[in-house]
Amino acid sequence: MSTPSGKKNAHDYKARLVWDGNLGEGTSTYTGYGRKYRVQFDGKPDLPGSADPIFRGDANVYNPEDLFVASLSSCHLLSYLALCARSKINVVAYEDDASGTMLLKPDGSGAFESVTLRPNVTIAPGGDEKRALDLHETAHDMCFIAASVSIPVLHEPRIRIAGAETAQTKPAAKSSESEVRS
């Protein structure tokens with residue numbers, strides 16, 4: 001939940017992270033501690049997390065890499081739905097098969113090189129299919145999370161008219177906005 005920050009047009013977001021991985025001896029050895037943690041937000045359920053299994057984490061809970069890709073995907077969704085509503089395009093279904101590619105370095109560090117969003121959008125009959133497709137670019141420009149990252153966020157949207165058998169697909173597009181951010 002955002003709170004006013006005292007600055008004009010600014011909103012603050014807070015999270016509390018609690019590490020639950022002390023198995024009795026802290027981080028005395030790399031293999032001797034757990035990677036589980038909880039993220040707490042005021043008034044919301046805890047979000048359980050761990051490292052990715054390749055980093056000795058628990059595959060059954062969220063990891064930071066999952067949440068990074070999900071943040072980009074969900075922010076795009078919310079920006080896109082708002083634009084469609086304002087443009088009188090009735091979205092009746094939306095799914096995104098988002099993915100990100102992270103490269104590891106020999107020293108154990110790493111970074112995402114890109115994230116690709118693959119929204120499959122179904123609009124009501126009579127909707128402007130081309131406009132619905134084009135609004136993905138605007139949604140990217142409006143997405144707070146995409147505007148905050150320095151990696152390319154690619155888009156491969158598909159638009160389908162409810163009840164129709166075909167879908168219009170736009171070729172994968174790099175957002176010039178995301179490529180120039182650093």
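The values are calculated or read from the model by the stated rules, or taken from the named source; none is laboratory data. It should be emphasised that the depicted structure is a prediction, and the values quoted were computed from it without experimental measurement. We place every Cβ from the backbone using ideal geometry, glycine too, and count neighbours over all the protein chains shown. Keep in mind that these areas ignore ligands, DNA and RNA; they rest on the heavy atoms of the full protein, side chains included. Shrake-Rupley method; radii C 1.70, N 1.55, O 1.52, S 1.80 Å.
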Completion exercise
When restricted to A85, A132, the only residue surrounded by fewer than 17 Cβ atoms within 10 Å (Cβ to Cβ) and either over 13 Å from H155 (Cα atoms) or in contact with a helix residue (DSSP H, G or I) (Cβ under 8 Å, 6 or more places away or on another chain) (or both) is A85
Completion exercise
Residues of the range 50-74 being buried (at least 18 other Cβ atoms within 10 Å of the Cβ) and not in a helix (DSSP H, G or I), in sequence order, are S50, A51, G57, N63
Handout entry: Any chance S114 is in contact with a Pro (Cβ under 8 Å, 6 or more places away or on another chain) and of a type in the set (G, A, S)
Key = yes
Practice task
Could you list, in sequence order, all residues of the range 88-103 that are closer than 17 Å to V153 by Cα and of a type in the set (V, I, T)?
Solution key: T101
Handout entry: Condition check for E113: over 20 Å from the mean Cα position of the chain (by Cα) and at pLDDT 95 or above
Key = no
Exercise for the section: Run down P64, P53 and say which single residue is within 21 Å of F144 (Cα to Cα) and either free of Cβ contacts under 8 Å to residues at least 24 places away in the same chain or of a type in the set (D, E) (or both). Expected result: P64
Fill in the blank from the handout: Residues of the range 11-27 being surrounded by 10 or more Cβ atoms within 10 Å (Cβ to Cβ) and of a type in the set (G, A, S), in sequence order, are A15, G21, G26
Practice task
Say whether the condition of being of a type in the set (A, V, I, L, M) and either closer than 23 Å to K105 by Cα or open to solvent by less than 90 Å² (accessible area, probe 1.4 Å) (or both) is met by at least one residue in the range 34-44.
Solution key: yes
Problem - Scan of the range 89-123 for residues that are assigned to a loop (DSSP other than H, G, I, E, B), open to solvent by less than 80 Å² (accessible area, probe 1.4 Å) and at negative phi, ordered by number - result: I89, A98, S109, R118
